[in-house]
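J.: The structure is given below, and queries will be raised subsequently.
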Amino acid sequence: MMKLSDTWRQNKLVLGIVLIVIMAVSLIWTENTDNSAYIDNKSAVEVVKLHLDDLKNNFGVVSFSVNSVKEVYNEQHLKNILGDEDAVKMGLKKENIALIDAYINVQYDGTRVPNSSGENKYIGFTLIRENESKPLLIANSGHGMGGVSLIDFQNPRPAERAELYVWKNRELTGNDNAYFTVLDGTNGNEQESKIYDLAAATDSIDRDNLTLTETPNLTDLAIYQLNTTDFTKQEMLEIADKIIINADNHVISIGVWEERKK
């Protein structure tokens, strides 16, 4: 006949085993949940830090360092965002908005880009997400406290295409310099008035590189020569070699715009 003390020892043993199993399952579940959350939902600060790290490679940057990145709360800014037309379109809610203040030190090559260098320069970031289970995305950055840019949550980083028109026009510019006009991709069907717009054109390839490197996810650049007599094939290849695009996977093509005119 089993003694009461023996029964109690067996019950304690069984209970101990059950508790160990429960703790093990709990630890595994917690670990998996935490890892998944970290991968899919980086905090707003982490997202901005990664973005700032990419800025170090921007065209014309000589040196770049980050002083601080922190999340802030600004009731008026949140009201401005939620009252924006695009925020209404996205069904944006307060709990899906994060505001980040960052301070950086940056030095630019003033001979290549017009950006101003400075110490402890401020950049404010607005991040949004579709809902609590989706990752935060940078919608806006700068110095203002305005609304928010519209983001397609189903395709938040669409591939971008641009066109670089290369031309000379002494009558218009008063010189024989090569001019460059960067425009959104239209498959070579852009209007002459936009191409020859001196407010948009520049005779500095560095200015165009600044525009191109600041275009997010630019994967396709078409370079069009307006007149075949202005540049040799070799000169066009040399221009293409000077182009800088940040996207790891991108394509640069060269063509003659005159052949595509309608």
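J.: Of all beta bridges DSSP finds with both residues in the range 160-260, what is the antiparallel percent, to the nearest 5?
T.: Working: 7 of 20 bridges.
If I count the DSSP bridges inside the range 160-260, around 35 percent turn out antiparallel.
J.: Rounded to the nearest 0.05, what FRET efficiency is calculated for GLU192 and LYS56 with R0 set to 41 Å and r the Cβ-Cβ distance?
T.: Working: r = 39 Å, r/R0 = 0.94.
Calculated transfer efficiency: 0.60.
J.: Here's a follow-up. When the label point is put 7 Å from the Cα of THR219 along its Cα-to-beta-carbon vector, which residues of the range 232-247 have a backbone N closer than 12 Å?
T.: Of the residues in the range 232-247, 247 have backbone N under 12 Å from the label point off THR219.
J.: Cut-off 16 Å, label point 7 angstrom out along Cα-to-Cβ of ASN105: give me the residues of the range 49-69 whose amide nitrogen falls inside.
T.: Answer for this model: 56, 62-69.
J.: What does the net charge come to around MET145 if you take all other residues with beta carbon closer than 15 Å to its beta carbon, with K and R at +1 and D and E at -1? Intermediate results must be reported in sequence, preceding the final value.
T.: Numbers: positive: LYS79; negative: GLU75, ASP84, ASP101.
Combined, the nearby Lys, Arg, Asp and Glu give -2.
J.: With a cut-off of at most 16 other beta carbons within 10 Å, and DSSP calling the residue loop, which GluC sites (Glu not before Pro) in the range 169-262 qualify? Please list them. Display every interim value, and only then the final one.
T.: Working: sites: GLU171, GLU190, GLU192, GLU214, GLU235, GLU238, GLU258, GLU259; in loops: GLU190, GLU214.
Of the GluC sites (Glu not before Pro), the ones in loops of the range 169-262 whose Cβ has at most 16 other Cβ atoms within 10 Å are GLU214.
J.: Could you give the length gained by full extension between ALA159 and LYS49, i.e. 0.36 nm per residue of separation minus their alpha carbon distance, to one decimal place?
T.: Numbers: separation 110, 0.36 × 110 = 39.60 nm, distance 2.27 nm.
So the chain would gain 37.3 nm between ALA159 and LYS49.
J.: Cα convex hull of the range 160-260: mean projected area in nm², to one decimal? Don't skip to the end; give the middle numbers.
T.: Numbers: hull surface 23.8 nm².
Projected area, direction-averaged: 6.0 nm².
Bear in mind these aren't lab numbers, they're just calculated from the coordinates by the rules spelled out. All figures in this text were calculated on a predicted structure; none of them were measured in a lab. Glycine gets a Cβ as well: all are built from the backbone with ideal geometry, and neighbour counts include every protein chain shown.
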